[in-house]
1. Report, ordered by the first and then the second residue, all pairs with beta carbons closer than 7 Å, sequence separation of six or more or different chains, a first member in region B:6-18 that is more than 14 Å from every other protein chain (Cβ to nearest Cβ) and buried (at least 16 other Cβ atoms within 10 Å of the Cβ), and a second member that is at pLDDT 95 or above and not in a helix (DSSP H, G or I).
2. Out of (1) away from ligand 2 (no atom under 16 Å from the Cβ); (2) open to solvent by 20 Å² or more (accessible area, probe 1.4 Å), what's the single condition that is false for A:ILE62?
3. Check region B:29-44 and report whether any residue there is more than 14 Å from chain A (Cβ to nearest Cβ), of a type in the set (A, V, I, L, M) and not in a strand (DSSP E or B).
4. What's the number of the condition A:SER40 fails, among (1) among the polar types (S, T, N, Q); (2) more than 12 Å from ligand 3 (Cβ to nearest atom); (3) surrounded by 24 or more Cβ atoms within 10 Å (Cβ to Cβ)?
5. Within region A:84-96, track down each residue that is more than 16 Å from A:PRO8 (Cβ to Cβ) and either open to solvent by less than 10 Å² (accessible area, probe 1.4 Å) or within 12 Å of chain B (Cβ to nearest Cβ) (or both).
6. Identify the single condition in (1) away from every other protein chain (no Cβ under 14 Å); (2) among the hydroxyl-bearing types (Ser, Thr, Tyr); (3) buried (at least 24 other Cβ atoms within 10 Å of the Cβ) that B:THR356 does not satisfy, given that it satisfies every other one.
7. Can you spot a residue in region B:309-330 that is more than 16 Å from ligand 1 (Cβ to nearest atom), touching a helix residue (DSSP H, G or I) at 6+ places or on another chain (Cβ under 9 Å) and modelled with pLDDT under 95?
Amino acid sequence: MAPSSDGPPASYLRTLDCVHCGLCLPHCPTHQVLRIEADSPRGRIYLMRALAEGRVDDAEAIRPFLDRCLDCRACETACPSGVRYGEILEDTRATLERARPKRGVAAWLTRTLLWHVVARQRRLRFLFWWLRVFEVLGLQRLATALRLLPAHVATLAPPVPPARERRPLRTGLHRPAEGTEVRGRVALFTGCVMEPLFGRVNRATLDLLLANGFEVDVVAAQRCCGALLVHAGQPDRARQLAAANVRAFRDADVVINNAAGCGCALKEYGHLLGTDEGRRFAAKCRDICEFLAHEGLTATPRPFHGRLVYDDPCHLCHGQGVRSAPRELLRQVPGVELVEAEHSADCCGSAGIYNLLQPELAAAIGERKAAEIRACAPAAIATGNPGCMMQIDSHMHRSGHSVPVRHPVEFLLPPP
Amino acid sequence: MAIERDLTRALGPERVLHTRDALLAWECDGFTVLKSRPRAVVLPESTTEVQAVLRLLHAAAVPFVPRGAGTCLSGGPTAGADAVVVDCSRMRRVLHVSTVDRIATVQPGVVNLDLTAAVSDHDLHYAPDPSSQSVCTIGGNLAENSGGPHCFKYGMTTDHVLAATVVCPDGSLAHLGDPAGPRSPHGLDVLGVFCGSEGTFGIATEITVRLCRNPPEVRTLLASFASMSSACRAVGDIVAAGLVPAALEILDQATIRAVEASVYRAGYPENAAAVLLVELDGPHEVVGEEAAEITAFFRKNGALQSEEATTPDERKRLWKGRKGAFGAMGRIDTDLYVLDGVVPRTRLEEALTKITEIGRRHGVTLSNVFHAGDGNLHPNISFDGRDPDATARTIAAGHEILQLCVELGGSITGEHGVGGEKLDHVPLMFDDDDLEVMARVRRAFDPDGRCNPGKVLPQRHACAEVAKWPQMTAEVLGEGAAEGGQ
Ligand SMILES: Cc1cc2nc3c(=O)[nH]c(=O)nc-3n(C[C@H](O)[C@H](O)[C@H](O)COP(=O)(O)OP(=O)(O)OC[C@H]3O[C@@H](n4cnc5c(N)ncnc54)[C@H](O)[C@@H]3O)c2cc1C
Ligand code: SF4
Ligand code: SF4
């Protein structure tokens, strides 16, 4: 990636924004755990800059440090110089992947799964059907016992919900119940993992919007957001999905999503596609909490009596700058005592498929997160991203402190 | 590669890095002009491990460089191509806290602010507060004798360190100072010599520091001025009246604008030529009286506006801009040269005028943020390090500014050290005899000149065979320019 005649790539120029002050270091979860300069934002930016300048002999030598990055963007929030770390990382990963696709079974599986299954809703649903059968028959435990499955995959894999919960939302327009004043119409982005794994969250999101007076269009032709592909250094494939989504939501004024990772990716379509269309689409995307906090709740949520910890998903607080909206909303739940855990904005270690690729580090980061939440002795935990919900649940469970981990919308629903 | 093998055997493969490309990350500190890739990096976790490492390096006659968080601004932890970096970042345990004696013993990699966080439940804190305090380590602070905004009232690191366990370059152990404090008679004050030795005497592996009680009340005042001179005169008045605020900081307009454009936005008025940040602490009545007096000085010197923060959140906001200032300067250009000169407080105004003039003459972009109470200036030059001409002009302007500080009766460094950056400036302050005495002290700790060679003392006074710093700078710069600029 030597600077070419038509100027160096934009992401290289972004590396120059870093003045090496180090103020991002204490905010980086991997640096906190490892305390290795090359595993800090400052170090990674330095390595990526050197790579772009042609000063790296063997890119494979620096790849482990980039692979260990969670892409959580905590460094962006902390950086006084305004370094756009995510763009640098994603572009560099794409360059590396193009130059030399990663080898090994894990890499192949990742690529195949991401493109051929996750990005295709029907196949994904089919996979989950199999996983459910697998689980009901107790095959998973058997496989783990026989060491066919790595232990971390088995412990992390959440129980697959029964078919009733995996059922996709009916596509098309949903209208608020008779008698509810209609305040507007929004389109709903349902997300590829949210659908089969957390169908209940999608249903809650839909019901919540309806109860608060919004017509909801569950657009049929939508696809996976492509975030995982971007993170894995496959922006070309992600672009195909992005273009399809831009088309699918052409007629919508507001596109609501409820998964921070997807939401962040959707809002970055402008950068990904590099077109005005992409930028226009990005500008109409809203996280569900961001949207409702702005519009205001008209339906009083069902009471919840107890301590509730809200944990910031990275791609919501760092990626989209949404911090106060979920808190404002949750505080309106009658009876709730909203408590702040230490370092709430630190990554939980889930980060897309990170916990599958970097199990040890993800576990160390997850354990830190769980310990800080445990210190608050909550009755429940709210967080707005499927990966975070799974990771936090798994680490709370592992430490023997299982409490319900829910999406904020689940606390905001009015009584039935 | 024998030494790499032996180190790996001692620490395990995960804590010894020697792949050339990976080592790029340790190529520089906050002074990005100096770049050099070390031979290897090791990450010990205990005094015993540091001893094992230094014994191996001693036996193999390999030079080494201690490193903390790498926030140094003078190239202190940057290592030559033949040297091994001993990175203390993983030595991050607070070993012992006594709330009765108000002392703490820590490993050197403990981050300054983490120490304060660890004792805050007892209403205590560690007073020296470099603006990098959320990142820099106690080991680095000790080596640099670091200061910070609150050092005007509370003193520099040297006033807060009571004892240190040091691994000498040959791997032997020395216990310097006494946790009971400087008043316990203890022979020569070797700890005093070690403090500020910039990593050239050995590696501190356990450090005992004094903790301070949190003041009952703290108030932060901010005033903005239409000219830098009036801000400086306000400082002069405050000090002349015998007041000793906990901090007295000035930011100029370029800095204000960079900060206000960043995530460290503090609400400083962007039309002001300068803002003055004053912090008062102590008993409630005293703070109130002093605040009134200082506000009067603001008014007398024609302050455009002033505000007072009393809640922790408000105070934090006002300080945030100051603490993020250097980083925010990254918005101006790709690289930042943070200078660190001292002038007598009475000549602040004159110094700043002349500095502006020097900047103009060399055609460089200057901004100023400084500890006004101590006359410790930080003129910052923003430049593009890939441009050899711009870099040369930056270095030349920097040189002239430091020369000016000495001429005005000040010094070439207040707190950031000499490192590899100011070797050429040292002779401005010390003659050959002075330097020879310093070199002798250094040889007493490090007879073979293997501990952070080529730093602090200019070439002819350091051990001849290892002091190739200036040449190395030139080579690396040349290399960087050739690659980056195509
Ligand atoms: C944004 C920013 C703001 C800053 N503000 C201030 C400020 O207000 N005041 C101030 O004084 N400085 C300031 N600095 C400079 C810097 O933070 C200090 O010099 C700090 O003490 C360096 O600590 P470190 O842990 O980063 O050490 P490093 O940069 O890693 O090393 C500094 C020196 O200490 C030596 N060293 C490190 N650990 C040890 C050890 N265990 N034993 C022996 N030697 C060791 C190294 O060899 C090196 O010479 C600032 C820097 C930045 C980037
Ligand atoms: S805070 Fe920003 S400028 Fe400073 S080292 Fe980190 S990325 Fe670079
Ligand atoms: S994105 Fe997260 S893990 Fe990666 S460097 Fe930034 S803070 Fe660290």
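The values are calculated or read from the model by the stated rules, or taken from the named source; none is laboratory data. Please read all numbers here as calculations on a predicted model, not as lab measurements. Counting neighbours? That spans all protein chains shown, and the Cβs are built from the backbone with ideal geometry, glycine included. Side chains included, ligands, DNA and RNA excluded: accessible areas come from the protein's heavy atoms. Shrake-Rupley method; radii C 1.70, N 1.55, O 1.52, S 1.80 Å.
1. From region B:6-18, the pairs are B:LEU7/B:VAL16; B:LEU7/B:ALA40; B:LEU7/B:VAL42; B:THR8/B:VAL16.
2. Condition not satisfied by A:ILE62: (2).
3. No, region B:29-44 contains no residue that is more than 14 Å from chain A (Cβ to nearest Cβ), of a type in the set (A, V, I, L, M) and not in a strand (DSSP E or B).
4. (2)
5. Residues satisfying the conditions are A:TYR85, A:GLY86, A:LEU89.
6. Exception for B:THR356: condition (3).
7. yes
Okay, residues lined up against (1) farther than 18 Å from A:CYS264 by Cβ; (2) in the same structural domain as A:PRO26 (by TED's automatic domain parsing); (3) open to solvent by 10 Å² or more (accessible area, probe 1.4 Å); (4) of a type outside the set (D, E, K, R):
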{"residue": "A:ALA370", "(1), (2), (3), (4)": "yes, no, no, yes"}
{"residue": "A:GLY384", "(1), (2), (3), (4)": "no, no, no, yes"}
{"residue": "A:GLY387", "(1), (2), (3), (4)": "no, no, yes, yes"}
{"residue": "A:ILE392", "(1), (2), (3), (4)": "yes, no, no, yes"}
